[in-house]
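The structure under discussion appears below in the form of structure tokens.
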Amino acid sequence: MTSSDAGDREKVVSKLPPALQQALKVRAAQHGTDIQHAVEAGITAWRRLGANLPAADTAGAKPFATFLPPGQWDEFREACASRGVSRIQGLTQSVLYWLDTNPAPGIVRPEHPKRIIICNQKGGVGKTALAAGTGEAFAEDSDQLHPVRISKHFAAALLNPDDEPASPLDYEDLPGLGLR
């Protein structure tokens, strides 16, 4: 189903499985593109394929709407009819094909994960507020380095028995990655 819009695109309503909708949303965000452009590229690539892709599971498909360039949906419907697949199956295959050809970008993980623990046995002392504030502070600038503070007991535990005793303060200002 399509509806004309005053813009240069037309609204298209079909169905996609919820897990596929979520994967499309996440991957499009990872690549910094709109969902409509990802679907447009997927349909274009799917139509260029010389053969049908294996049938995808469309069980539980839910309504999905996007905007496509004028005429693309009509061409897509014709391609589905000539290939003998439903529009839901064709759209699912198009989105899956786009996801396969646009893998998630590599994520740089820190060498040593850091844990921040906020605990207290009493309720109402601000554990949640502190945890949320800490998360917000880390999210403000992901390129900024934040100092890592560790307990002197943990710093002492990092020392090997053969090493000369070092000051726990040597470990106080180890740089940590600014993370979300």
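The values are calculated or read from the model by the stated rules, or taken from the named source; none is laboratory data. Here the structure is a predicted model, which means the values were calculated and not measured. Ligands, DNA and RNA are excluded from the accessible area calculation, which covers all protein heavy atoms including side chains. Shrake-Rupley method; radii C 1.70, N 1.55, O 1.52, S 1.80 Å.
Key figures for this structure:
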| quantity | calculated |
| --- | --- |
| Relative contact order for segment 7-121, counting Cα pairs under 8 Å that sit 6 or more residues apart, in percent | 42 |
| Surface accessible to a 1.4 Å probe, D34 within the full protein complex, Å² | 80 |
| Partners for K62 among lysines (Cα-Cα distance below 19 Å; same-chain residues under 8 apart left out) | K11, K15, K25 |
| Exposure rank, largest accessible area first [K127, K122, K15; 1.4 Å] | K122, K15, K127 |
| Prolate/oblate/rounded call for segment 23-73, Cα gyration tensor, a/c under 1.5 rounded | rounded |
